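First up is the structure itself, then whatever we jot down about it.
The values are calculated or read from the model by the stated rules, or taken from the named source; none is laboratory data. These numbers come from a predicted model, not from an experiment. So basically every Cβ, Gly included, is an ideal-geometry build from the backbone, and we count neighbours across all protein chains shown.
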Amino acid sequence: MSSSPPPAGGNPDDKLELVTVEEQEEFLQVLKQLNLATSQQAPPDRNALAAEKDFKFWKTQPVPALDEFPREHGAIDPPKSVSDVRQEPFNMPPGFVWSEIDLTQQNEAQEVYDLLTHNYVEDDDNMFRFDYSIDFLMWALTPPGFHKDWHVGVRNQKTNKLMAFISGIPVKTRVYKETMAMAEINFLCVHKKLRTKRLAPVLIKEITRRVNLRDIWQAVYTAGVVLPMPVAQCRYFHRSLKPQETH
């Protein structure tokens with residue numbers, strides 16, 4: 001994962017960093033499809049569905065297209081240095097500000113928990129959602145050597161309420177015979193009321209910028225949808241505990 005630096009002098013008209021309507025619509029579809037399927041019917045072929053999409057946002061990113069099959073492996077972008085990376089955060093829509101989340105503070109960890117509990121992955125009927133405990137979030141997001149500035153939040157400027165979140169942790173990933181420093185991106189979440197504010201693409205661009213500032217140029221992530229370009233696929237299941245208590 002890498003982000004092209006802005007031209008010298010910055011962008012004088014930097015509103016929303018030029019996230020297009022098409023890019024936002026694509027992300028809204030992704031956020032919707034991240035829901036867990038509960039239908040009795042056979043699930044659709046996600047690979048086939050993905051092949052029909054245009055992926056406007058991902059075409060701007062350094063990833064192979066779904067119909068590309070590179071014969072050689074290696075970095076997509078030419079080598080860069082930290083000095084090439086934009087130094088200032090990307091602009092937010094009016095009324096929202098970036099917030100560096102300190103998960104070692106109980107009140108901020110609680111805010112992340114509340115946001116995820118009410119707005120993260122859920123089933124199609126909006127009845128069930130993941131309930132990641134604060135202890136689990138601490139375990140997942142504060143491994144040895146974690147970077148606090150990779151825990152990125154977006155707050156309402158007036159109320160200071162946490163409205164969006166994305167996180168990264170440093171990992172070592174083996175690619176063929178080479179072990180590489182990467183970022184593992186997780187917990188991309190936007191409050192349901194803000195799904196039209198084009199925040200998701202800006203969150204990804206901002207976490208990319210922060211990762212690049214530490215001289216890391218690749219990242220890995222998982223998703224419940226097919227996006228360019230999967231390096232692996234797997235299936236997992238959920239087992240309900242005490243389902244009678246959900247009635």
Could you say whether any residue in region 213-231 is among the basic types (K, R) and in a strand (DSSP E or B)? no
It is to be established whether one or more residues within region 160-169 are surrounded by 19 or more Cβ atoms within 10 Å (Cβ to Cβ), closer than 30 Å to P94 by Cα and basic (K, R). no
Restricted to region 61-91 and to residues being at pLDDT 90 or above and among the aliphatic types (A, V, I, L, M), the residue farthest from I216 (Cα to Cα) is V85
What is the one condition in (1) free of Cβ contacts under 8 Å to residues at least 24 places away in the same chain; (2) under 22 Å from L141 (Cβ atoms); (3) not in a loop (DSSP other than H, G, I, E, B) that Y236 does not satisfy? (3)
Do we find that V225 is surrounded by 14 or more Cβ atoms within 10 Å (Cβ to Cβ) and either in contact with a His (Cβ under 9 Å, 6 or more places away or on another chain) or farther than 26 Å from P78 by Cα (or both) in this structure? yes
By residue number, the members of region 93-103 that are part of a loop (DSSP other than H, G, I, E, B) and either out of contact with any Leu (no Cβ under 8 Å at 6 or more places or on another chain) or surrounded by fewer than 18 Cβ atoms within 10 Å (Cβ to Cβ) (or both) are P93, P94, G95, D102
Give me the residue from region 211-247 that is under 13 Å from the mean Cα position of the chain (by Cα) and not β-branched (V, I, T) and, out of that set, nearest to N186 (Cα to Cα). Y221
